[in-house]
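Any read-out appearing in this document is the output of simple, stated calculations on the displayed coordinates, not a laboratory observation. Model, not experiment: these values are computed from the prediction. All Cβ positions, even for glycine, are placed from backbone atoms using ideal geometry, and neighbour counts span all protein chains on display.
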Amino acid sequence: MIQRRTKNMRRILSAMNYTGVDRLYRRLDCELGLILTLHRVQDAEVREFTPNAHLTITPEFLDFAIGLLKRRGYAFVSMDEARDRIKRGRIKERFAAVTIDDGYRDMMDKAIPVLEAHSVPYMIYIASALTDGSVGLWWETLEKIVEQQDMLCLPTEQGELMFDTSTLNRKASTYLEMIDYLTTQVSEQQQRVVVRQLAASCGIDADSLHKGQIMNWDDVRTANASSLCSIGSHTVNHVAIARLDPDAARHEMVECADRLERETGERPDHFAFPYGHHRAAGARDFELASEAGFHTAVTTRPGLIFPEHAQHLTGLPRLSVNGLFQRQRYFSPLTSGLPTLLNARLRRLDVA
Ligand SMILES: [Zn+2]
């Protein structure tokens, strides 16, 4: 099911592509490059209820996207090199850096072979408790719950909230309402408890649901053995840093880096804010990431990289390779930077 917002965005991107306004803008503007975000790469599957479809692309589209950027003259670089280029400022050639969040196991089978075939460097951001298997993929558990049930009862401090989830439309709206509740009304810790209890009440075992979906430590070491791969930190518990007090936020950043150093023998210099949107990471958190010693930290705020980002290396925007926009007519205008600039009301910097 495709939401109205996605349909409108597709129309806008297609219009930019067919009129060529994005290509005209690309010639006029002067960004340094872009940092791509990947979450999951899987073969296409047909399912009706897929609220997390934006997080998954096919191996074929990844291959296409890299090919397109190469043909347009982008230099694919590591995050170390991206940082150096941002600090150096403008050079003629644009850069592209590939980043992978969470370390889903399908990256090993479906994404890394494509990246290696193109000799493209890639950064995998690991959340240590996800890799341990002690923290679950709660957003996917919630998807399974809403998909399976026709009616849901969510216990809250204000009493029980009932949701009719008998149709696809109602499932979609319920999923969004629940995500909003879980990311604004309860703590990060409580959020996991609520989803686990809700799953149990529906007969779903949250622990076994995602077994084997995330790379284990051997997988991380295997990936890291490639000269193209780097490992970055993504917090211990995959939490929205902005919702934590400073000590807890610092602990999430540093403890994960310590663990990665113990597991791989290398201390990570780069960090990705889980979720990465405005409510999950803000100016205070960009400062904390800098104090924790990270050379860069990336968000999911959409945007390209400009010379001004040299002063904001721990609050960098990225461009999601989005599963809902897996067509040249959508992806090509996105890489021009025009849609994200319009979305940010013509501001190149979004670091507040
Ligand atoms: Zn993540």
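Quick notes on this structure:
- Residue by residue, the range 156-165 carries 3J(HN,Hα) couplings of 10, 5, 8, x, 7, 9, 9, 10, 7, 10 Hz when phi is fed to the Karplus relation 6.51 cos²θ - 1.76 cosθ + 1.60 (θ = phi - 60°); x denotes Gly or Pro.
- Whole-Å distance, taken between Cα centres, linking the range 260-289 and the range 160-189: 28
- The C-alpha atoms of the chain define a longest principal axis, and helix 246-264 lies at about 70 degrees to it.
- Taking label positions 7 Å along the Cα-Cβ direction at both Q3 and R88, the computed distance is 4.0 nm, reported to one decimal.
- For M123, the residues whose modelled amide H falls within less than 5 Å of its own, excluding neighbours fewer than 5 places apart on the same chain, are V98, T99, I100, S230.
- Degrees, to the nearest 10: 59-71 long Cα axis against longest axis of the chain: 20
- The stretch between L176 and A200 holds 6.6 nm of extra length on full extension. This uses 0.36 nm per residue minus the Cα-Cα distance.
- Each of the peptides 146-159, 63-76, 264-277 was scored by the mean count of other Cβ atoms within 10 Å over its residues; in descending order, highest first, they stand as 264-277, 63-76, 146-159.
- Here the range 261-293 is scanned for amide nitrogen atoms under 13 Å from the site 7 Å beyond the Cα of D245 along Cα-to-Cβ, giving none.
- Förster radius 45 Å - calculated FRET efficiency between Q311 and L209, Cβ distance, rounded to 0.05: 0.55
- Rounded tilt (10° steps) of 188-201 against the dominant C-alpha axis of the chain: 50
- Rounded to the nearest 500, the helix-only mean residue ellipticity at 222 nm of the chain stands at -13000 deg cm²/dmol, with each DSSP H run of n ≥ 4 adding -39,500 (n - 2.57).
- For the range 199-304: rounded, prolate or oblate by the Cα gyration tensor [a/c cutoff 1.5]: oblate
- ³J(HN,Hα) computed for each position of the range 234-242 - Karplus, 6.51 cos²θ - 1.76 cosθ + 1.60, integer Hz, glycine/proline x: 9, 6, 6, 9, 6, 10, 6, 4, 4
- Full extension of the chain segment joining S227 with R23 gains 70.0 nm, where the gain is 0.36 nm per residue of separation less the Cα-Cα distance.
- Efficiency of FRET from Cβ geometry, A44 and L349, R₀ 41 Å, rounded to 0.05: 0.65
- Between Q189 and R71, the simple label model (points 7 Å from Cα in the Cβ direction) yields a spacing of 5.3 nm.
- Sorting the segments 294-301, 241-248 by their mean number of nearby beta carbons within 10 angstrom, highest to lowest, gives 294-301, 241-248.
- Residue-count net charge about L288 - beta-carbon cut-off 12 Å; Lys, Arg +1, Asp, Glu -1: -4
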